[in-house]
Amino acid sequence: MNALDRALTHPLTRNVTPERRPFDLAAYEAGGGYGGLHTAIGKLTPAECLQIVKDSNLRGRGGAGFPTGLKWSFVPMEDGGPGHKYLICNADEMEPGTFKDRLLLECDPHQLIEGMILAAYTIGADVAYVFIRAEYLLAERLLREAIRDCYGKGYLGRNILGSGYNLDMHVHSSAGRYICGEETALISSLEGKRANPRAKPPFPQVSGLWGRPTIVNNVETLCNVPHIIERGAQWFNDLGLTEDAGTKMYGVSGRVKNPGCWELPIGTPIREILEGCAGGMEDGYAFRGLLPGGGSTDFLVAEHLDLAMDYGTIGKAGSRMGTGTMIVLDDRTCPVAFVQNLVAFFARESCGFCTPCREGLPWSAQLLAELEAGRGQAGDLDTLAMHVDFIGTPGNTHCALAPGAMEPLASGLKYFREDFQRHIDGRACPYCEREAAA
Amino acid sequence: MSELIPALSADELAAIDAEIAHAPYRDAVAVDALKIVQRHRGWVSDESLKAIARHLTMSADELEGVATFYNLIYRHPVGEKVILLCNSVSCWIKGCETLRARCREGLGIDYGQTTADKRYTLLPVTCLGACDKAPVLMLGDVLLENVNPAGLMATLGASGEEGT
Ligand SMILES: Cc1cc2nc3c(=O)[nH]c(=O)nc-3n(C[C@H](O)[C@H](O)[C@H](O)COP(=O)(O)O)c2cc1C
Ligand code: SF4
Ligand code: FES
């Protein structure tokens, strides 16, 4: 595939070659980079950019799938007097099983920066932050270098491309806590506080960082923006195979032959990703189910494999596309222990602000651990179902961490109920026994 | 008893002040300041915490609330290198518990513990975003991928354990 074809069909990964250092500013530009910037800044008005992004039908790639243009349109555009408006890139990527933003950050940092400049221009932000998790040290260093080069070139700072538009960009390296990825918790953290989520409304679009209008977008979402601005909304819509637009970074991990992350048209069938890209199951392992988009999405099983990986289709099947990075459950891994690992993780990472999450998640994790250890009791599955009802109902908790934590448990109880029951009846984990015998 | 709260070093102050320069309030850089001091000293002692709080004109109690919230701010001394072992689901499927057991046997430490020679501290960490190369861990600043339990102790350079 030649470079232009690749740029047209695989915009996000056109420059991605994990084996070499990412393009520096000059190489990125030589490959057509900052074309979106030159298309827009000083030539299109923010309102025109907003319309293109709205028409593109880009939806947030951070997990919730909220339409990006619509989100941006809530930012007040009248001259709000003194004070800043903020754009924040969410590069916290800590959702279990999710490994797509790291690739984009490490392999093409300028793409993200260009997307951020365009997003900031569209909403009239004059300060932008990349909120990056502490462990992404290489990505942090590459971003800092790239930002420095952009200041040198006049793509950041004052009077960008002679347009009169000013933008400063900073990198904030976090200190490690999953809840920081939730956008209002992220804002609290960026203010130097404990990362407790905030009540909505007011929404960050109106009152976010330091009480000022703020947009938080995922890395992958922002990386799409330069291409949309440069090539137009229709091109982006045409990339998708189903009702959704663009491409998506899909990933597969677990016991498959070729785990990895690939950019594919959004709406690619699960089977094509699982078997075509990931090579199917490792020898000696059979497929039992998968979480389609990270640790806080509901299981899908064999009957779902021909579904399209898009927001609507996966939603109708009772799960969520989430981050689009699938975690595969095989037939030699215990579903109870699998779910226990996840619930224990969410219990550990609960910010402790509200009772159902702070108390209910450790309780659920403990019950699952007892089941796994062969000490389960007759009523345990009912107790777990009660937790699913209570913790999992949106509105009972202050943020979406707790309902998300219940998704693998609720769907696990549905699809793998036999396995749960056998732990109680047999007073042992059947999978551990088999491993021990092998 | 010349100084109850030791001063922050010139390097530390310069780095913290560079953050303050683009923040609307001094205490907005609390997390950055904790990280800067930890980078220089390995961990954040009570004395360091007080010195940072004073520099940011906030109460030490409030800063303690921030410091203890974040998993990677160490309020206890840690070893020369921290081993961050990913124990999220994809690494768990691929055997992170075996790696943990290796650390227990080979280094004599479990989560939250430091070897007697102060070389290593073992901590669990959230999915490191490298699930296609599971199991993974970070040894200090370096990400190790597809970690083989048999070779782990050789990698760590610990004695009394041979890779097979
Ligand atoms: C507990 C929790 C953790 C989250 N972690 C992340 C994350 O690491 N990265 C991310 O982009 N979004 C994360 N989100 C979603 C964000 O709240 C937010 O929806 C997203 O950053 C918005 O960007 P988008 O519209 O571009 O998707 C998380 C949400 C919750 C509830
Ligand atoms: S649901 Fe959990 S993480 Fe979210 S605010 Fe409540 S306690 Fe904190
Ligand atoms: S689960 Fe270990 S890197 Fe993702």
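The values are calculated or read from the model by the stated rules, or taken from the named source; none is laboratory data. Please read these numbers as outputs of a predicted model, since none were measured by experiment. When we count neighbours, we look across all protein chains shown, and the Cβ atoms used for this are built from the backbone with ideal geometry, even at glycine. Note: accessible area is taken over every heavy atom of the protein model, side chains too, but ligands, DNA and RNA are not part of it. Shrake-Rupley method; radii C 1.70, N 1.55, O 1.52, S 1.80 Å.
Against the conditions (1) surrounded by 23 or more Cβ atoms within 10 Å (Cβ to Cβ); (2) under 23 Å from residue A:293 (Cβ atoms); (3) more than 16 Å from ligand 3 (Cβ to nearest atom), where does residue A:414 fall short? Just the number, please.
Every condition holds for residue A:414 apart from (1).
Could you please find all residues in the stretch A:288-305 being in a strand (DSSP E or B) and within 13 Å of another protein chain (Cβ to nearest Cβ)?
Passing the criteria: A:288, A:289, A:290, A:291, A:294.
Those residues that are within 12 Å of ligand 2 (Cβ to nearest atom) and not β-branched (Val, Ile, Thr), I need them from the stretch A:166-182; list them, please. Please lay out each step first, then the result.
Residues of the stretch A:166-182 within 12 Å of ligand 2 (Cβ to nearest atom): A:177-182.
Selection gives A:177, A:178, A:180, A:181, A:182.
Among the residues of the stretch A:333-366, how many are open to solvent by 30 Å² or more (accessible area, probe 1.4 Å), away from ligand 3 (no atom under 16 Å from the Cβ) and either part of a helix (DSSP H, G or I) or aliphatic (A, V, I, L, M) (or both)?
6
Taking the criterion of being of a type in the set (Ser, Thr, Tyr) and buried (at least 23 other Cβ atoms within 10 Å of the Cβ), would at least one residue in the stretch A:228-250 satisfy it?
yes
Please go through the stretch A:15-28 and give me each residue that is under 26 Å from the mean Cα position of the chain (by Cα), over 24 Å from residue A:122 (Cα atoms) and either open to solvent by less than 40 Å² (accessible area, probe 1.4 Å) or not assigned by TED's automatic domain parsing to the domain that holds residue A:114 (or both), ordered by number.
Listed by number, the residues that qualify are A:15, A:16, A:22.
Taking residue A:369 as the residue in question, decide whether it is within 16 Å of ligand 3 (Cβ to nearest atom) and open to solvent by 20 Å² or more (accessible area, probe 1.4 Å).
So residue A:369 fails the test.
Look through B:79, B:65, B:95 and report the one residue that is within 12 Å of another protein chain (Cβ to nearest Cβ) and either basic (Lys, Arg) or under 18 Å from the mean Cα position of the chain (by Cα) (or both).
Result of the check over B:79, B:65, B:95: B:65.
Do we have any residue at all in the stretch A:394-402 that's assigned to a helix (DSSP H, G or I), within 16 Å of ligand 1 (Cβ to nearest atom) and either farther than 17 Å from residue A:293 by Cβ or of a type in the set (A, V, I, L, M) (or both)?
Yes, there is a match, as at least one residue in the stretch A:394-402 is assigned to a helix (DSSP H, G or I), within 16 Å of ligand 1 (Cβ to nearest atom) and either farther than 17 Å from residue A:293 by Cβ or of a type in the set (A, V, I, L, M) (or both).
Considering (1) within 14 Å of another protein chain (Cβ to nearest Cβ); (2) open to solvent by 10 Å² or more (accessible area, probe 1.4 Å); (3) touching a Lys or Arg at 6+ places or on another chain (Cβ under 6 Å), say which one residue A:92 fails and leave the rest.
Among (1) within 14 Å of another protein chain (Cβ to nearest Cβ); (2) open to solvent by 10 Å² or more (accessible area, probe 1.4 Å); (3) touching a Lys or Arg at 6+ places or on another chain (Cβ under 6 Å), the lone unmet condition for residue A:92 is (2).
Does residue A:36 count as modelled with pLDDT under 95, in the same structural domain as residue A:232 (by TED's automatic domain parsing), over 23 Å from residue A:309 (Cβ atoms) and among the small types (Gly, Ala, Ser)? Steps first, please.
Numbers: modelled with pLDDT under 95: no; in the same structural domain as residue A:232 (by TED's automatic domain parsing): yes; over 23 Å from residue A:309 (Cβ atoms): yes; among the small types (Gly, Ala, Ser): yes.
Judged against the criteria, residue A:36 is not a match.
Can you pull out every residue in the stretch A:251-277 that is under 20 Å from the mean Cα position of the chain (by Cα) and in a loop (DSSP other than H, G, I, E, B)?
Passing the criteria: A:254, A:259, A:266, A:267, A:268.
Yes/no per residue for (1) within 16 Å of ligand 2 (Cβ to nearest atom); (2) over 19 Å from the mean Cα position of the chain (by Cα):
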{"site": "A:296", "(1), (2)": "yes, no"}
{"site": "A:299", "(1), (2)": "no, no"}
{"site": "A:306", "(1), (2)": "no, yes"}
{"site": "A:310", "(1), (2)": "no, no"}
{"site": "A:317", "(1), (2)": "no, yes"}
{"site": "A:340", "(1), (2)": "no, yes"}
{"site": "A:348", "(1), (2)": "yes, yes"}
{"site": "A:354", "(1), (2)": "yes, yes"}
{"site": "A:359", "(1), (2)": "yes, yes"}
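With respect to residue A:39, is the statement that it is within 16 Å of ligand 1 (Cβ to nearest atom) and not aliphatic (A, V, I, L, M) true?
Considered against the rule, which asks whether it is within 16 Å of ligand 1 (Cβ to nearest atom) and not aliphatic (A, V, I, L, M), residue A:39 comes out as no.
Just give me the residues in the stretch A:181-193 being closer than 10 Å to residue B:31 by Cβ and in contact (Cβ under 8 Å) with a residue 12 or more places away in the chain, in sequence order.
A:189, A:190, A:191
Based on what the data block shows, is residue A:281 in contact with a strand residue (DSSP E or B) (Cβ under 7 Å, 6 or more places away or on another chain), within 14 Å of another protein chain (Cβ to nearest Cβ) and surrounded by fewer than 22 Cβ atoms within 10 Å (Cβ to Cβ)?
Working: in contact with a strand residue (DSSP E or B) (Cβ under 7 Å, 6 or more places away or on another chain): yes; within 14 Å of another protein chain (Cβ to nearest Cβ): yes; surrounded by fewer than 22 Cβ atoms within 10 Å (Cβ to Cβ): yes.
Against the criterion (in contact with a strand residue (DSSP E or B) (Cβ under 7 Å, 6 or more places away or on another chain), within 14 Å of another protein chain (Cβ to nearest Cβ) and surrounded by fewer than 22 Cβ atoms within 10 Å (Cβ to Cβ)), residue A:281 qualifies.
Please tell me if residue A:185 is more than 16 Å from ligand 2 (Cβ to nearest atom), open to solvent by less than 10 Å² (accessible area, probe 1.4 Å), at pLDDT 95 or above and more than 10 Å from chain B (Cβ to nearest Cβ).
No, not satisfied.
Is it the case that residue A:31 is within 18 Å of residue A:235 (Cα to Cα), of a type in the set (Gly, Ala, Ser) and more than 14 Å from the chain's Cα centre (by Cα)?
No.
Yes or no, residue by residue, for (1) within 16 Å of ligand 3 (Cβ to nearest atom); (2) among the acidic types (Asp, Glu); (3) open to solvent by less than 10 Å² (accessible area, probe 1.4 Å):
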position: B:100; (1), (2), (3): yes, no, no
position: B:114; (1), (2), (3): no, no, no
position: B:128; (1), (2), (3): yes, no, yes
position: B:132; (1), (2), (3): yes, yes, no
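Conditions tested, residue by residue: (1) modelled with pLDDT under 95; (2) more than 11 Å from chain B (Cβ to nearest Cβ); (3) surrounded by fewer than 24 Cβ atoms within 10 Å (Cβ to Cβ).
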{"residue": "A:114", "(1), (2), (3)": "no, yes, no"}
{"residue": "A:117", "(1), (2), (3)": "no, yes, no"}
{"residue": "A:139", "(1), (2), (3)": "no, no, no"}
{"residue": "A:158", "(1), (2), (3)": "no, yes, yes"}
{"residue": "A:176", "(1), (2), (3)": "no, no, yes"}
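The rows are residues; the columns are (1) without any contact (Cβ under 8 Å) to a residue 24 or more places away in the chain; (2) farther than 30 Å from residue A:332 by Cβ; (3) open to solvent by 10 Å² or more (accessible area, probe 1.4 Å); (4) within 16 Å of ligand 2 (Cβ to nearest atom).
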position: B:17; (1), (2), (3), (4): yes, yes, yes, no
position: B:21; (1), (2), (3), (4): yes, yes, yes, no
position: B:80; (1), (2), (3), (4): no, yes, yes, no
position: B:86; (1), (2), (3), (4): no, no, no, no
position: B:103; (1), (2), (3), (4): no, no, no, no
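For the stretch A:299-330, enumerate the residues that are farther than 22 Å from residue A:101 by Cβ, crowded, with 24+ Cβ neighbours inside 10 Å and not aliphatic (A, V, I, L, M).
A:299
When you look at residue A:238, is it away from chain B (no Cβ under 14 Å), under 15 Å from residue A:323 (Cβ atoms) and among the acidic types (Asp, Glu), yes or no? Walk me through how you get there before you give the answer.
On the way: away from chain B (no Cβ under 14 Å): yes; under 15 Å from residue A:323 (Cβ atoms): no; among the acidic types (Asp, Glu): yes.
Taking the combined requirement at face value, the residue does not satisfy it.
Yes or no: residue A:275 touching a Phe, Trp or Tyr at 6+ places or on another chain (Cβ under 9 Å), surrounded by fewer than 19 Cβ atoms within 10 Å (Cβ to Cβ) and more than 13 Å from chain B (Cβ to nearest Cβ)?
When the stated conditions are applied, residue A:275 does not pass them.
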